[in-house]
Amino acid sequence: RRSGFAGRAERMFGLMDGFLKNDPWSLQKDVMHHVEYTVARSRFSFDDFEAYLALSHTIRDRLIERWHDTQVYFKRKDPKRLYFLSLEFLMGRSLSNSTVNLGIKDQCADALNQLGFEFEQLVEQEGDAALGNGGLARLSACQMDSLATLDFPAWGYGLRYQFGLFRQVILDGFQHEQPDYWLNFGNPWEIERIHVSYAVKFYGAVEEELLNGVKRKVWIPGETVEAVAYDNPIPGYGTRNTINLRLWAAKPSGEGDMESYNTGDYINAVVNRQRAETISSVLYPDDRSYQGKELRLKQQYFFVTASTQDIIRRYKDSHSNFDDFSNKVALQLNDTHPSLAIIEVMRILIDEENIEWNRAWSIVCDSFSFTTHTVSPEGLEKIPADLLGSLLPRHLEIIYEINFLFMEELKKKLGLNYSQLSQMSIVEEGAVKNIRMANLSIVGCHAVNGVSRVHLELLKKRVFKDFCELWPQKFQYKTNGATQRRWMVVSNPNLCGLISKWLGTEAWIRDVDLLIGLKEFASNTDLQHEWRMVKRVNKMRLAEYIEAISGVKVSVDAMFDVQIKRIHEYKRQLLNLFGIIHRYDCIKNMEKSGKTKVVPRVCIIGGKAAPGYEIAKKIIKLCHAVAETINNDPDVGDLLKLVFIPDYNVSVAELVIPGSDLSQHLSTAGHEASGTGSMKFLMNGCLLLATSDGSTIEIIEEIGNDNMFVFGAKVDEVPALREMKSSLKVPLQFARVVRMVRDGYFGHKDYFESLCKTVENGGDFYLLGNDFMSYLEAQAAADKTFVDQEKWTRMSILSSAGSSRFSSDRTIQEYAEKTWNIEPCKCPF
Ligand code: Z15
């Protein structure tokens, strides 16, 4: 007989397990229960949205059950836990993903079908959880899925923004930003924990206090708000493990009530206190530009202190001292945004737990690790020391102390090389003093990871050269990945069915390396035929969507050519547009007979520009202006269409990626730290047209140069090209398309002038002119291949087959072994 916890729990859960059943009939019963008692609609009359809510609550119950089992199990086992700290998570929708990971999608579809609803339609009722900007934020979401699936004892921590990333509305071709009211219709995927809350303090001053003859620093804060937890269960695939993403919301604090109410102005007192909620109200939409705003710093600290208080409270629940802290706790910083956590843990250990400085510092360094996502020195986060000192006076003191000790250590090691010392210092001296958050993170963490191999090489050569020489073992890389659950199983079920049929198993959904088994069938005519059929159906879905949003009718026989990502100069959407203008110009100047040889294209571009990023906004307008001209030109017809997809987000990506033939990744070499969109296209058998940059370099190694279209200057060539740019000749074709824009061929002559200036001879920082001819050649090669459908399909199959290295499962496995030192903890019930 089994005894002890496991035995008891198993018997107990044997009973519990019988409670929520997953056959269609039980699911249907539960859905109807939620229609009547949760959504409070009559069971004789409820619409798609209400059915979506009822189904979501049905799934939520099952998530909660597994979540409880997992948490109870973790608590008993007390393994080393990973805490993943990120200011951004782009989760997208949850319904379809949860049913897939719980393995009950078909049963749910059946249950709803019998009630007269279409599962696919209910899925469409859900809005995206868009608590992040772009690649970095979606990476966090993919990694949470892998952590759960691989049974790691992990927690995610983040902020519950009331408004996620702005909604992009296009009016007359211009981007406008509107608030994302994602919580207005309720959120069945979160569990409010009003009793899990922590005080968050700001402002005030530091005083010295004498306690038992020992001097201590005490922070007397000036403002207090409350952080309340909202838990979002993250189910693993093919496992009962369900981990937690805990998001914090700001609420007015109950402390100090009497004082404000006694002043007599009751109404104002209440209204002022309610302002606390602004801290977690809105996500900053600037992808990688830091403006030293107080509210942003407040968000960062609010998030950091709530999370670390929660983590330390959990540790202390089962430990009486801090000896074992770094054996039980791994703290992962997603970029520098949460790096104040280093200081906050130091402060708690020293000021509140009375631990001596050196010991506290080694606990901190052993627990924290850090991943950087940026390549350029301008992309590094800095916080004005004045701002930090007024909001968090004690933290600034601790930073100065850390830096003083670090500088002393450096002087001993390197001597008095002032230029080197000042470069490595956490404090940037100058007209305004700044705190360099990357330097702080490097000094305070035992591991610093880049996100692709070339990214690490660039860190070593440029941004963190001195640090890499000082601590070579600290610097590593883990190439990014994406989860095949969302990016294949959820978004492309038809392709997955086909893959499983040919592999004879669905095991690749957990063990992605099995995908390589497709390789041997790449030339099989039956597979090729079925493969093309799946693509065609996906293209038809996409074509319908395009017509619905833009009114443009596109032919599914054309090549669907896609570039979807944030709009940035370095990502060179402008190069794509210049290529499209060139293609248009060629078609216009063709004899009738030449036109029969043109491979028809549908060019699709989507992405948001940061609200303050003028050049990016002009690129969006140019796209619309060019589209207007091309799409209405009878000389062109179906040979070329250009569509801008508005409000690009995770759920739009799930529709677009499976329906594209070709995808573009055009960053100037040396600028994309990794890039993750390319991996999602690769998995779905879309061919890549890309520069050799970031993780594309590793994709080329994996699937081979001849299975994609690579072009442009290499990472090593870029610096020299920049040096001699003014003496370089710009190709005539390039000059011609720029002139067309400049001369007002697409209207808005004055408005586009500054855009054209960015690529002017001598000023063309991102080297569009230099790469243009090579880009056109790659495009021509893509056209040529598309005509040969057998070859194209083979390349497409080989892309999927070779994508396994780019699963976030592999990334997480590497982090677990090499950086976090954690082991799986699989819930046995
Ligand atoms: C962001 O999405 C990325 C880097 C940043 O510094 C910020 Cl602030 C946001 C992206 C990188 O540009 C991209 O190359 C990488 O794949 C992604 O992070 C995930 O690592």
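Just so it is clear, none of the values below were taken in a lab; they were calculated from the coordinates. Nothing here was measured: the structure is a model prediction, and the numbers come from that model. Heads up, the Cβs are rebuilt from the backbone with ideal geometry, glycines too, and the neighbour counts pull from every protein chain shown.
Judged by the ratio a/c of the largest to the smallest principal axis of the C-alpha gyration tensor, segment 165-254 counts as oblate, that ratio being 1.5 or greater while a/b is no larger than b/c. Quick check: from the Cα gyration tensor, does segment 677-829 come out rounded (a/c under 1.5), prolate or oblate? Because a/c hits 1.5 or more and a/b exceeds b/c, segment 677-829 counts as prolate. Could you tell me the center-to-center distance, by alpha carbons, between segment 691-765 and segment 128-143 in angstrom? Taking the Cα centre of each part, segment 691-765 and segment 128-143 sit 29 Å apart.
In segment 492-549, a dipole from Cβ-located charges (positive for Lys and Arg, negative for Asp and Glu) runs towards its positive end, and of Met533, Trp502, Ala522 it is Met533 whose Cα lies farthest in that direction.
With a cut-off of 10 Å between beta carbons, the residues surrounding Ser674 carry a summed charge of -1, where Lys and Arg count +1 and Asp and Glu -1. Its relative contact order, with pairs defined as Cα atoms under 8 Å and 6+ residues apart, puts the chain at 14 percent. By the count of other C-beta atoms within 10 Å, a proxy for reagent exposure, Asp638, Asp172 are ordered fewest to most as Asp172, Asp638. Other residues lying with their Cβ under 12 Å from the Cβ of Phe368 contribute a combined charge of -1, Lys and Arg counting +1, Asp and Glu -1. Between amide H atoms placed 1.01 Å from N, distances below 5 Å from Ala482 occur with Ser807, Ser808, all of them 5 or more places distant or on a separate chain. A straight chain from Ala507 to Glu544 at 0.36 nm per residue would run longer than the Cα-Cα distance by 10.0 nm. Among Tyr230, Tyr37, Tyr315, the order by Cβ neighbours within 10 angstrom, fewest to most, reads Tyr37, Tyr315, Tyr230. Each eigenvalue of the Cα gyration tensor of segment 740-817, multiplied by 5 and square-rooted, gives one semi-axis; in descending order these are 38, 23, 12 Å.
Of the peptides 742-755, 370-383, 716-729, the ranking by mean beta-carbon count within 10 Å, highest at the top, reads 370-383, 742-755, 716-729. For the chain, what does the alpha-carbon gyration tensor say about shape, rounded, prolate or oblate, given a ≥ b ≥ c as the root eigenvalues, a/c under 1.5 as rounded, and a/b over b/c as prolate? It is oblate, given that a/c is not under 1.5 and a/b is not larger than b/c. Listed from fewest to most Cβ neighbours within 10 Å, the set Val650, Val448, Val169, Val454 follows the order Val169, Val650, Val448, Val454.
Maximal additional length on extending the Val432-Thr525 stretch stands at 26.8 nm, based on 0.36 nm per residue less the C-alpha distance.
Taking 7 Å steps out from each Cα toward its Cβ at Glu408 and Asp635 produces label points 7.6 nm apart.
DSSP beta bridges confined to the chain are antiparallel in about 45 percent of cases.
May I ask for the net charge around Met91, where only other residues with Cβ less than 14 Å from the Cβ of Met91 are counted and Lys, Arg are +1 while Asp, Glu are -1? Spelling it out: positives minus negatives among the neighbours equals -2.
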